[in-house]
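Written out below as structure tokens is the structure these notes cover.
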Amino acid sequence: MEHVINSYSVLIGGLHPALWLGVFALCLVGELVGFSVPYLLETTWLLAGSLIGAHQMSVLVLLPMIAAATVGRIVGMSLFYHLAGFGSVRFFHRFPALKTRLDMSAFKRRLESRHWSVALWIALGRLFWLRFPITLLMSMSKRYLPLAAGVVISALIYEGTYVAIGFVVGGSVKLTPSQLLPYFFVGLSLSFALGFAVKQLWNIFRSKMFAGRLST
């Protein structure tokens, strides 16, 4: 196992197109169908950051990986966007009243009034587990460019956060990647559990708030 981890660290620390293609494919599939391999991308960014922090890897080596991930997310989102748009055209053709309601909705008015800040709201929503609902709504509203900008912003925040954590750890402790990996796994497990708990609480709060609006 130690040999595998060290070999993967060497792969991360070098300019390997195969790694870029793998990162691209994982991000594309994640955006298109919501499937992801648990821990794989997160540990990749953490290990990359730790290698940079330990001065065993250049930031320039990281840039193609970040670019591959961002392009993969854009391509996956674009495919889902167009599939959703095709489905929404047929759906609204069958139920034109719903199209009228969407055009007159507060959501559509907010999109039109916020202009440049829409991408920031999209990025925030994606980071709070609203990736697919946002893409569906933006597809129905024909707002591709703000959605694409939001995808780029959220991707840079997401990947950058893990790289920054790895950078701090790699610069603070003198451990090999195989020694660091168990700590990364424990930290990721705790963050996933906390994120799941926050998500459940948010769903409960949102359902109660929606029920309160219906009752008034």
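Values quoted throughout were computed directly from the atomic coordinates according to the rules given, and no laboratory measurement underlies them. Source: prediction; values computed, not measured. Glycine also receives a Cβ, built like all others from the backbone with ideal geometry; neighbour counts cover every protein chain displayed.
What the table below lists for this structure:
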{"read-out": "Total residues in region 1-41, condition part of a loop (DSSP other than H, G, I, E, B), of a type in the set (A, V, I, L, M) and under 23 Å from Val186 (Cα atoms)", "value": "2"}
{"read-out": "Selection within region 140-157 - surrounded by 20 or more Cβ atoms within 10 Å (Cβ to Cβ) and under 18 Å from the mean Cα position of the chain (by Cα)", "value": "Pro146, Leu147, Gly150, Val151, Ser154, Ala155"}
{"read-out": "Residue check for Trp45: in contact with a Pro (Cβ under 8 Å, 6 or more places away or on another chain), part of a helix (DSSP H, G or I) and in contact (Cβ under 8 Å) with a residue 24 or more places away in the chain", "value": "no"}
{"read-out": "Test result for Leu137, hydrophobic (A, V, I, L, M, F, W, C) and under 25 Å from Phe86 (Cα atoms)", "value": "yes"}
